[in-house]
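Here the structure is laid out as structure tokens; the discussion comes afterwards.
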Amino acid sequence: IKVAKDGINFENVTTTIGVDALDFENEYTPKPVSIEIPVEKVIDDNGFGRGWQDGDRFTFVLEERTANFNDVISLKGNIALTKAKQKDNFNIMIDNDGTYYYTIRENATNPMPGFTPDTTIYKLKVTATTNQTTGLLELDYELVDATSIVFTNEYNAAPTQAIIAAKKVFNNNTNYTD
């Protein structure tokens with residue numbers, strides 16, 4: 001009996017002895033596949049002229065969730081977006097058939113001064129299916145209640161006070177000094 005890989009993740013079995021029937025049970029393990037999920041950050045300056053600046057950094061979290069999106073199964077990654085990199089991708093690696101659920105949210109633990117964090121939580125459903133022809137795992141994703149993942153932070157200038165010194169001068173020959 002000879003077992004050999006056929007180059008596409010399947011094993012072919014051939015016999016070289018005169019056996020009428022053999023039952024083989026093959027176990028298939030698909031090669032892990034990844035999918036990239038794009039994330040974008042936008043700053044709304046509310047007319048204050050405060051767009052992206054060097055040193056601005058916003059972080060985002062990818063979490064695997066239960067099917068109802070209520071419970072966190074595990075943290076899958078973080079990305080940071082900056083003035084130089086306002087768009088990036090989360091890379092999700094899947095190694096088995098099934099449906100997987102994720103959320104992507106802004107990490108608002110330490111918000112940047114003057115910015116209101118975006119509290120949107122994007123829900124993502126990833127479906128992994130083995131292609132019966134190629135034996136390869138194929139991934140597809142859908143956003144629940146959204147068409148793209150764009151986080152927007154509003155900038156609100158902090159209130160400030162100014163003290164202005166002034167002197168009043170009368171032009172009627174009676175100048176007061178106070």
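The values are calculated or read from the model by the stated rules, or taken from the named source; none is laboratory data. The model shown is predicted, which means the values in this text are computed figures rather than measured ones. Quick reminder, even Gly has a Cβ in these numbers, built from the backbone with ideal geometry, and neighbours come from all protein chains shown. For the accessible areas, the whole protein counts, side chains as well, though only heavy atoms, and no ligand, DNA or RNA atoms are used. Shrake-Rupley method; radii C 1.70, N 1.55, O 1.52, S 1.80 Å.
Structural remarks
- Maximal additional length on extending the Thr147-Ala84 stretch stands at 20.2 nm, based on 0.36 nm per residue less the C-alpha distance.
- Taking every protein chain into account, the 1.4 Å probe leaves Asp54 with about 130 Å² of accessible area, to the nearest ten.
- Projecting label points 7 angstrom from Cα along Cα→Cβ for Ala67 and Thr29 puts them 2.7 nm apart.
- Under 5 Å between amide hydrogens, built in the peptide plane, is the criterion, and for Leu136 it picks out Asn131 among residues at least 5 positions away or on other chains.
- Look at the alpha carbon pairs under 8 Å that are at least 6 residues apart: their mean separation over the length of region 22-178 gives a relative contact order of 27 percent.
- Relative frequency of Cα-Cα separations exceeding 22 Å in region 43-128, percent: 35
- For the peptides 112-121, 158-167, the ranking by mean Cβ contacts within 10 Å, running from highest to lowest, is 112-121, 158-167.
- Ranked order, Asp95, Asp145, Asp44, Asp56 - accessible area, probe 1.4 Å, largest first: Asp145, Asp95, Asp44, Asp56
- Largest-first ellipsoid semi-axes for region 88-173, taking √(5λ) over the Cα gyration tensor eigenvalues, angstrom: 58, 11, 9
- Inter-probe distance in nm under a simple model that places probes 7 Å from Cα toward Cβ, at Thr127 and Met93: 2.5
- In this entry, region 73-112 is assigned a mean projected area of 4.0 nm², taken as a quarter of its C-alpha convex hull surface.
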